[in-house]
Amino acid sequence: MASKLCTYLKASVVKKQVMAVTGLLLCGFLVSHLIGNCLIYVGSDAFNTYAHALTSNKLIYVAEAILAAIFFTHIGLAIKLTVENKKARPVQYYMKQKTGRGATFASSTMPYTGMLILVFLIIHLINFKFGPVYMTQIDGIEVRDLHKTVVLYFQSPLNVLWYVIAMIALGIHVSHGFWSAFQSLGFSHPKYNCGLKLISKLFAVVIALGYIALPIYCYLLGGK
Ligand code: HEM
């Protein structure tokens, strides 16, 4: 019984560590995607030139495959761990006591905010990546007018509202996930935990507000 419990804990710790690494990589993606999207503020040519440079690079397929693998690993392990934790409740309590992780609103809603982000991502890709294709010319080169696709999509207040709700869920998810990832990787010390929790919350607020500002700006732009 004790050795079974030991094997289970070891396996679940490894899964948590892989989740932590993939989660932090996804945080890196969120930062780079937000920086790229901020070119929308500069103007349509700047944003379309950036999007064209990304999509016309052959390495994009490799980058997309790696990104998809990171997403699927993170989501797959999240589902597996949630199901396993539900089945083995006493073990869950043991781990919580051991690591001193008290339940917060963000930590106890991780599976729900995670699922909402997954739904968001599917709808997001359908609307933008595989959404309406408009073309434009920049310096005589024909490129996809993704700026128009994005701005037109956000002319609907319902689409803007959906993004605001999804980005609040993303912020809540990241506010716990970012801190929790460091804990799972062993960066835990009473001296630094408080600071790390604060950095995690600040990071989540910047990401959520950064992504919320874009749809609102596009809506106010009025299809121009
Ligand atoms: C207002 C917020 C956002 C805007 C305006 C935006 C815009 C875009 C656009 C225009 C594309 C298509 C790029 C292309 O086809 O080359 C795209 C792709 C993508 N977006 Fe977003 N995005 C936003 C938020 C997010 C968030 C919060 C996530 C993650 C949860 C996300 C994840 C992705 C992914 C994974 C792709 C596919 C990347 C690829 O295949 O290269 N986006 N986004």
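The values are calculated or read from the model by the stated rules, or taken from the named source; none is laboratory data. In this text the structure is predicted, and so the values were computed from the model without any measurement. A quick note on method: Cβ atoms are made from the backbone with ideal geometry, for glycine too, and the neighbour counts reach across all protein chains shown. Keep in mind that these areas ignore ligands, DNA and RNA; they rest on the heavy atoms of the full protein, side chains included. Shrake-Rupley method; radii C 1.70, N 1.55, O 1.52, S 1.80 Å.
For Leu26, indicate whether it is touching a Lys or Arg at 6+ places or on another chain (Cβ under 7 Å), surrounded by 14 or more Cβ atoms within 10 Å (Cβ to Cβ) and modelled with pLDDT of 95 or more.
no
One line per residue, one yes/no per condition, for (1) polar (S, T, N, Q); (2) free of Cβ contacts under 8 Å to residues at least 12 places away in the same chain:
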{"residue": "Ser184", "(1), (2)": "yes, no"}
{"residue": "Phe187", "(1), (2)": "no, yes"}
{"residue": "Cys194", "(1), (2)": "no, yes"}
{"residue": "Phe203", "(1), (2)": "no, no"}
{"residue": "Ile207", "(1), (2)": "no, no"}
{"residue": "Gly210", "(1), (2)": "no, no"}
{"residue": "Pro215", "(1), (2)": "no, no"}
{"residue": "Tyr219", "(1), (2)": "no, no"}
{"residue": "Gly222", "(1), (2)": "no, no"}
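How many residues, within the range 161-214, are among the β-branched types (Val, Ile, Thr) and surrounded by 19 or more Cβ atoms within 10 Å (Cβ to Cβ)?
4
Identify the single condition in (1) of a type outside the set (A, V, I, L, M); (2) touching a Phe, Trp or Tyr at 6+ places or on another chain (Cβ under 6 Å); (3) open to solvent by 60 Å² or more (accessible area, probe 1.4 Å) that Thr104 does not satisfy, given that it satisfies every other one.
(2) is the only condition that Thr104 fails.
Identify, by number, the condition in (1) free of Cβ contacts under 8 Å to residues at least 40 places away in the same chain; (2) part of a helix (DSSP H, G or I); (3) not basic (Lys, Arg) that Ile40 doesn't meet.
(1)
Filter the range 38-57 down to residues that are touching a Phe, Trp or Tyr at 6+ places or on another chain (Cβ under 8 Å) and open to solvent by less than 70 Å² (accessible area, probe 1.4 Å) and give me whichever is nearest to the ligand (Cβ to nearest atom).
Filtering first and then ranking leaves Ile40.
Hey, can you tell me all the residues within the range 7-17 that are open to solvent by less than 60 Å² (accessible area, probe 1.4 Å) and hydrophobic (A, V, I, L, M, F, W, C)?
Leu9, Ala11
Looking at (1) modelled with pLDDT of 95 or more; (2) surrounded by fewer than 17 Cβ atoms within 10 Å (Cβ to Cβ); (3) more than 16 Å from the ligand (Cβ to nearest atom), which is the one condition that is false for Val62?
All conditions are met except number (3).
For Leu170, indicate whether it is more than 13 Å from the chain's Cα centre (by Cα) and on the phi < 0 side of the Ramachandran plot.
Here the answer is no, as Leu170 does not meet what is asked.
Under 6 Å between Cβ atoms, which residue pairs at least 6 apart in sequence (or on different chains) link something in the range 146-157 that is basic (Lys, Arg) with a partner that is open to solvent by less than 60 Å² (accessible area, probe 1.4 Å) and at pLDDT 95 or above?
Here the result reads none, with nothing in the range 146-157 linked to a residue that is open to solvent by less than 60 Å² (accessible area, probe 1.4 Å) and at pLDDT 95 or above.
Collect the residues in the range 126-146 that are more than 9 Å from the ligand (Cβ to nearest atom), surrounded by 12 or more Cβ atoms within 10 Å (Cβ to Cβ) and charged (D, E, K, R), keeping them in residue-number order.
Residue satisfying the conditions is Asp145 alone.
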